[in-house]
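The values are calculated or read from the model by the stated rules, or taken from the named source; none is laboratory data. These numbers come from a predicted model, not from an experiment. No Cβ is skipped: glycine too gets one built from the backbone with ideal geometry, and neighbour counts run over all protein chains shown. Heavy atoms of the whole protein, side chains included, go into the accessibility calculation; ligands, DNA and RNA do not. Shrake-Rupley method; radii C 1.70, N 1.55, O 1.52, S 1.80 Å.
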Amino acid sequence: TKNDWRNRNKIKTGKGSAWLSIPVGTSADRLICEVTMDDARWQRSHWDSLRQQYGKSAHFKRYRAFLEDVYLGRQWTNLSELTQYLIKRISNDFLQIPTQFLDSREFHLAGQKQDRLLDLIVQSKATRYVSGPAAKNYIDPARFDALGIELIWKDYAGYPEYRQFHPPFEHGVSILDLLFHTGPDAAWYVWGWRTSPEK
């Protein structure tokens, strides 16, 4: 999807937030696994930007080897390969999320858009689907109800702030910002605060 988060994310800079974008061409008529990244110059550029903006953060060194490998040690064949690797590693290794991740290509799905999504949910035997609020524009809750699937709209309100470079505080930035500033406490800022006694 154009101008979305599939191939870009924000970081904080001294001049405000800035996008780190992976060049993927202009055709939107592709699956994420079909989006090749033939020009790898973005990798060095992203790494240089992260090092420049976060090199002095409290926990940059903790994640440096991982990110050097991502940006300088590997060549990615497509956007799906990169994003799946980042999501799994950051979730499992740095946020201690024990969730099992599956690739939709492991299923034999039918239909398009919402039909395809519902087919995936049914085949994976899920009983609950958590969606971002922007999907309210195209998801029909009645279809989820008819299949006995609980539909939950994600609420991004109430997340605690942390000490961040270049005030004012900005929530809408990469998870790397949180990791660089809070290190092993990052998981608390994602969900731990919800069950904290002082909440």
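Every condition in (1) within 25 Å of Gln164 (Cβ to Cβ); (2) open to solvent by 70 Å² or more (accessible area, probe 1.4 Å); (3) in contact with a helix residue (DSSP H, G or I) (Cβ under 9 Å, 6 or more places away or on another chain) is met by Ile87 except one, and the failing one is (3). Of Leu20, Leu50, Leu31, all but one fail to be in contact (Cβ under 8 Å) with a residue 24 or more places away in the chain and in contact with a His (Cβ under 7 Å, 6 or more places away or on another chain); the exception is Leu20. Restricting Trp42, Trp47 to residues that are open to solvent by less than 80 Å² (accessible area, probe 1.4 Å), in contact with a Pro (Cβ under 7 Å, 6 or more places away or on another chain) and in a helix (DSSP H, G or I) narrows the list to Trp42.
Would you check if there is a residue in the stretch 61-68 being farther than 20 Å from Thr1 by Cα, in a loop (DSSP other than H, G, I, E, B) and modelled with pLDDT of 95 or more? Before the answer, list the steps.
Residues of the stretch 61-68 farther than 20 Å from Thr1 by Cα: 61-68.
Next cut, in a loop (DSSP other than H, G, I, E, B) only: none.
Checked against the condition, which is being farther than 20 Å from Thr1 by Cα, in a loop (DSSP other than H, G, I, E, B) and modelled with pLDDT of 95 or more, the stretch 61-68 yields no hits at all.
Restrict the check to the stretch 92-108 and report whether at least one residue is farther than 23 Å from Val173 by Cα, at pLDDT 90 or above, surrounded by 14 or more Cβ atoms within 10 Å (Cβ to Cβ) and out of contact with any Cys (no Cβ under 8 Å at 6 or more places or on another chain). Yes; the residues of the stretch 92-108 include at least one that is farther than 23 Å from Val173 by Cα, at pLDDT 90 or above, surrounded by 14 or more Cβ atoms within 10 Å (Cβ to Cβ) and out of contact with any Cys (no Cβ under 8 Å at 6 or more places or on another chain).
Gln52 - would you say it is assigned to a helix (DSSP H, G or I), of a type outside the set (Gly, Ala, Ser) and open to solvent by 60 Å² or more (accessible area, probe 1.4 Å)? Considered against the rule, which asks whether it is assigned to a helix (DSSP H, G or I), of a type outside the set (Gly, Ala, Ser) and open to solvent by 60 Å² or more (accessible area, probe 1.4 Å), Gln52 comes out as yes.
Looking at the stretch 69-80 only, could you name the residues that are exposed (fewer than 15 other Cβ atoms within 10 Å of the Cβ) and in a helix (DSSP H, G or I)?
Step one: of the stretch 69-80, the residues exposed (fewer than 15 other Cβ atoms within 10 Å of the Cβ) are 69, 72-75, 77.
Hits for the stretch 69-80 are Asp69, Leu72, Gly73.
Scanning the stretch 19-63 for residues that are closer than 27 Å to Ala135 by Cβ and among the small types (Gly, Ala, Ser) yields a total of 4.
Kindly provide the set of residues from the stretch 17-29 that are touching a Ser or Thr at 6+ places or on another chain (Cβ under 9 Å) and assigned to a loop (DSSP other than H, G, I, E, B), ordered by number.
Just the residues of the stretch 17-29 that are touching a Ser or Thr at 6+ places or on another chain (Cβ under 9 Å), to begin with: 18, 20, 24-25, 28.
Once the filter is applied, which keeps residues that are touching a Ser or Thr at 6+ places or on another chain (Cβ under 9 Å) and assigned to a loop (DSSP other than H, G, I, E, B), the stretch 17-29 yields Val24, Gly25, Ala28.
When every residue of the stretch 146-162 is checked against the conditions, none turns out to be surrounded by 12 or more Cβ atoms within 10 Å (Cβ to Cβ), over 25 Å from Ser17 (Cα atoms) and small (Gly, Ala, Ser).
Does the stretch 6-27 include one or more residues that are hydrophobic (A, V, I, L, M, F, W, C), over 23 Å from Gly172 (Cβ atoms) and at pLDDT below 95?
Our first condition is that a residue be hydrophobic (A, V, I, L, M, F, W, C); within the stretch 6-27, this holds for 11, 18-20, 22, 24.
When the remaining residues are screened for being over 23 Å from Gly172 (Cβ atoms), the result is none.
No, the stretch 6-27 contains no residue that is hydrophobic (A, V, I, L, M, F, W, C), over 23 Å from Gly172 (Cβ atoms) and at pLDDT below 95.
Say whether the condition of being of a type in the set (D, E, K, R), free of Cβ contacts under 8 Å to residues at least 60 places away in the same chain and farther than 26 Å from Trp47 by Cα is met by at least one residue in the stretch 154-174. Talk me through it step by step, then tell me what you get.
Initially, the stretch 154-174 is screened for residues of a type in the set (D, E, K, R), giving 154-155, 161, 163, 170.
Still in the running and free of Cβ contacts under 8 Å to residues at least 60 places away in the same chain: 154-155, 161, 163.
From the residues that got through so far, the ones that are farther than 26 Å from Trp47 by Cα too are 154-155.
The answer is yes; a qualifying residue exists.
Only a single criterion out of (1) within 15 Å of Thr83 (Cβ to Cβ); (2) open to solvent by 50 Å² or more (accessible area, probe 1.4 Å); (3) at pLDDT below 90 is not satisfied by Lys2, namely (1).
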